[in-house]
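Visitor: Pasting a structure here, questions to come.
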Amino acid sequence: MANTENHIGKVTSPEEFFGFKLGSDRKIARWDKITDYFYTIESESDRIRVVEMGKSTEGNPFLLTIISAPENLARLEHYKEINARISDPRGLPAGGVRQLVKEGKAVVCQTMSLHASEIGGTQMAPELAYDLLSSDSEATREILDNVIFLMVPCFNPDGQIMVTDWYNKHIGTEFEGTMLPYLYHKYAGHDNNRDAFALNLVESRYVAWILFTEWHPHAYQDHHHMGSTGARLYLAPYCDAIRPYADPLVWREDSWYGAHMAYALEQAGKAGILNGAQFPGWGHFGFHWIATHHNIAGMLTESASARLATPIYIHPHQLRGASPRTMPEYEPQTNFPNPWPGGWWRLRDIVEQQKIAAWSLLEICAKFRETILLNAYLKASRQTERGAAGSPKAYVIPRGQHDPLTALKLVDLLLAQGIEVKRATEGFVADGRVYPKGSFVISLAQPKMGVIRSLLGRTFFPDSYWTRNPDGSLIMYDTATDTIGEFMGVNVEPVDFKNGAGLDKCLETVVEVERHVCEPEKAPDCIYYQVQGYVLDPRLNDTFAVINSLLAENAGDVPVWRFETTLCGDEYPNYPDMPAGAFYVEHTADTASKMTTLCEQKAVPFYPVNYAINAPKHRVKHLRVGMYQRYWGGNMDEGWSRLVLENFGFPYHTLKDVDFREGNLKAKVDVIILPSDRPELILGPEGEQSKLGRYHVPPVPLEYRSGIGKEGAEAIREFVEAGGRLVAVDAACRFAIETCKLKLANAVEGLSFEDYYCRGSTIRVKADTAHPVAYGMPDEFYALVWNGQAFEVKDRFAAHDYRVIAEYPDKGLLQSGWLTGEKLIAKKPCVMLAKCGEGEVVLFGFRPLFRAQTHGTFKLLFNCLLG
């Protein structure tokens, strides 16, 4: 056992450093100062290491602090290796685990304030660190000797700075403690914890590295806030229903840890502590939920919120139960024995209770270190055995995908989850199907079987007692499925390897995805001196990135065209068959080198041709794209859309309310994108209006009282009638239909949950790939539908002005998730183009860029942005 007794020197306290007790009324420590504090205490103590993992999205430091006994910190790589062997014990000799369990350390990770307005965790973190570094108590020594504590003091540094600065600016005004009017992450806002499996954000990639590939902690707790009028603090375990495929031990550990934390809080005299209710075990696959399927006891705390650092008074009669199913009344129950009576609620209350919860988790892991390490071994071993014995045995990502580069991105994501992926070095047969060399195989006989099944296997949300409220409405926390392969449009096939003996001999483990399979096509040397142009495949999302770079670098001077019909390789040699929408880049003096450079960067194949292609085509140029951005807390679909457009090199302008109110939009842009949004939030309040639909209008400074107003809506209609293109996404379709006076209806508008319900499910859609909006799409694809639109044409006299681009098939619509009311949307259009004066309105009945995850439908929007 390590000895920590002689390692305590003078450690600066948070109160001494910041000049106030953290959590004090109307005081928030800013991230730059918190960063300085951690570096200060690192210089004073040998119990902590501060690691800057890199920069945040907007260039602020992202820290990992590692706290343990000095002897443990000196041997971190050794303990990391021990934990890796326990977390994946395949090949471990019989009896070998005992020594590893005896020698290893419990690894605990806790992250703070992922949601930037939930400030308690980051304000608590310096105090928690100080207590561990400055105390010589027996309990502290036991934690330091037995635990390696990985703490992320702030999961969202950019948002922490935004919220702190906003709060400080308005202290002493009527706007004190109000919400930030824009997204508290540049792209994601509140959606940043929905990114644990897609890893679109750099902050997500840092934490995924800690949790899933580098450290494999045994317990992970993410500290959050919730509403103000229920329990004071929610703790593990989750309530029912639970997502399948996790090892049962992980649910037992959640209960064990949660009970200990709740006990510690009751012992400390904290009232209003709830566990085992409110938050279900089947939630979105955010970090604390997906962790359970990584064999990590994933947990969250949810503290009742104050008004940031401003106290809030809660009358006793305002207190409410947490859930109709698990806590219907604000009354004592076995998992909520001590209701808080009401009164003043402060940030300091949040800091104290979160610190007790964080400390007590470390405490129990220290006391039962060997049991916890043995559990890690058992979970990994049993999950591997279940995967080997179950069906399917594996998933195959065949070579020969519609968009092979996106398939490689899926493999990248699986590797980032710490999943073992193998590549076939020769062709093989599985279940009667021939798979070519280069196909990827993901065996379920590995510790992360549960993650694999959830991300790659067809999923159906359960219909049970636990998933319905007493009135029959569904309890669904977020999307009904997280099947990322379907989201990305990648064909993933379950296999059982019947008669697959000897397959292992032709499989190699993938360490890093190689993209040489999509290197630029090599044409015969003899044609280069007479090449006329280059053909690029419209099925590849990354082709758009290449085209955008070409157009941007040369200000549109490079002649780029799109063919309007299919191209047959038999008729035009040197390239394969191409669907309508293939790009053609004319050869110029410097085109060849630019094409080679850009295509090698993106691994996009291009095909030189030395003859004229006599097929209908039109010239491609960048359109001037504008996307509406409002306040009222920001619009997450707008943020994710910005990220996707930037990732693929589409230039765009952000349009604010004033741009619409000024009118003359045609002089500014050619295309306007309205991200998914309710019409009342686009229009904004009139006068002193206190509600926007079901949203209460919060007090905000006048300049943030957002909305384009009636004059802005009129400007949009004039823009379209004058020849502009309006692109409306999902919920914004109703605004577009009403504003442009389109004779369309949504067949599922206003229906009850008994008649229609579809929330974050993958639905089969058929596309008219001859239409320019659907160029490069497969004939059938999966759309991720959250409520969604099913259009009906109501125009008796000009129905020809409405073109169906994609529609739901007649039956069998649901691929994964949940769908009530299939007949109501069957054979209905979900992507349409409507004429309006000299212009057009493109209506998407689902979000094609949903959380930057749905690569399979990106092209639908991309096609709208090129002229």
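Visitor: Which of (1) aliphatic (A, V, I, L, M); (2) part of a helix (DSSP H, G or I); (3) in contact with a strand residue (DSSP E or B) (Cβ under 7 Å, 6 or more places away or on another chain) is the odd one out, the single condition LEU274 does not satisfy?
Guide: Exception for LEU274: condition (2).
Visitor: Now, a different point. Residues ARG562, ARG539: which one is open to solvent by 20 Å² or more (accessible area, probe 1.4 Å), modelled with pLDDT of 95 or more and either outside any loop (DSSP other than H, G, I, E, B) or closer than 17 Å to VAL773 by Cα (or both)?
Guide: On inspection, the qualifying residue turns out to be ARG539.
Visitor: I'd like to check which strands (runs of 3 or more DSSP E) are fully inside the range 740-816 and have at least 2 residues that are of a type in the set (Phe, Trp, Tyr).
Guide: Ranges flagged: 780-786.
Residues are listed down the side, and each one gets a yes or a no for (1) in contact with a helix residue (DSSP H, G or I) (Cβ under 7 Å, 6 or more places away or on another chain); (2) open to solvent by 50 Å² or more (accessible area, probe 1.4 Å):
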residue	(1), (2)
ILE682	yes, no
GLY687	no, yes
ARG694	no, yes
PRO699	no, yes
ARG705	no, yes
ILE708	yes, no
ALA713	yes, no
VAL729	yes, no
ILE737	no, no
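Visitor: Further question: Please name all residue pairs, on different chains or six or more residues apart, with Cβ atoms under 7 Å, provided the first residue is in the range 243-259 and is in contact (Cβ under 8 Å) with a residue 60 or more places away in the chain and within 16 Å of LEU444 (Cβ to Cβ) and the second residue is among the hydrophobic types (A, V, I, L, M, F, W, C) and surrounded by 24 or more Cβ atoms within 10 Å (Cβ to Cβ).
Guide: TYR245/MET449
Visitor: I'd like the full set of residues that are under 16 Å from GLY121 (Cα atoms) and in a helix (DSSP H, G or I), limited to the range 138-161.
Guide: Selection gives PRO157, ASP158, GLY159, GLN160, ILE161.
Visitor: Limited to the range 296-315, what total is found for residues that are open to solvent by 10 Å² or more (accessible area, probe 1.4 Å) and either of a type in the set (Ser, Thr, Tyr) or in contact with a Pro (Cβ under 6 Å, 6 or more places away or on another chain) (or both)?
Guide: 2
Visitor: Take ARG30 and decide whether it is open to solvent by 20 Å² or more (accessible area, probe 1.4 Å) and within 31 Å of the chain's Cα centre (by Cα).
Guide: Yes: the conditions hold for ARG30.
Visitor: A further question follows. Quick one: count up the residues across the range 36-65 that are β-branched (Val, Ile, Thr) and either over 31 Å from the mean Cα position of the chain (by Cα) or open to solvent by less than 10 Å² (accessible area, probe 1.4 Å) (or both).
Guide: Count: 4.
Visitor: What pairs come out if I take residues in the range 819-839 that are in a loop (DSSP other than H, G, I, E, B) and pair them with residues that are buried (at least 19 other Cβ atoms within 10 Å of the Cβ) whose C-beta lies under 6 Å away, six or more apart or interchain?
Guide: From residues that are in a loop (DSSP other than H, G, I, E, B), the pairs are LEU819/CYS758; LEU819/SER761; GLY821/TYR756; ALA826/TYR808; LYS828/ALA790; LYS828/TYR808.
Visitor: Looking at the range 98-125, which of the residues that are open to solvent by less than 20 Å² (accessible area, probe 1.4 Å) and over 27 Å from the mean Cα position of the chain (by Cα) is nearest to ASP191 (Cα to Cα)?
Guide: Applying the filter and picking the extreme gives ALA106.
Visitor: Considering each of ASN635, ASN614, ASN647 in turn, give the residue that is open to solvent by 40 Å² or more (accessible area, probe 1.4 Å) and at pLDDT 95 or above.
Guide: ASN647
Visitor: Please go through the range 30-71 and pick out each residue that is part of a loop (DSSP other than H, G, I, E, B) and either over 13 Å from PRO153 (Cβ atoms) or small (Gly, Ala, Ser) (or both).
Guide: SER45, ASP46, ARG47, SER56, THR57, GLU58, GLY59, SER68, ALA69
The values are calculated or read from the model by the stated rules, or taken from the named source; none is laboratory data. Being a predicted model, the structure only gives us computed values, none of them experimental. Cβ atoms come from the backbone with ideal geometry, glycine included; neighbour counts cover every protein chain shown. The area values use the complete protein model at the heavy-atom level, side chains included, leaving out ligands, DNA and RNA. Shrake-Rupley method; radii C 1.70, N 1.55, O 1.52, S 1.80 Å.
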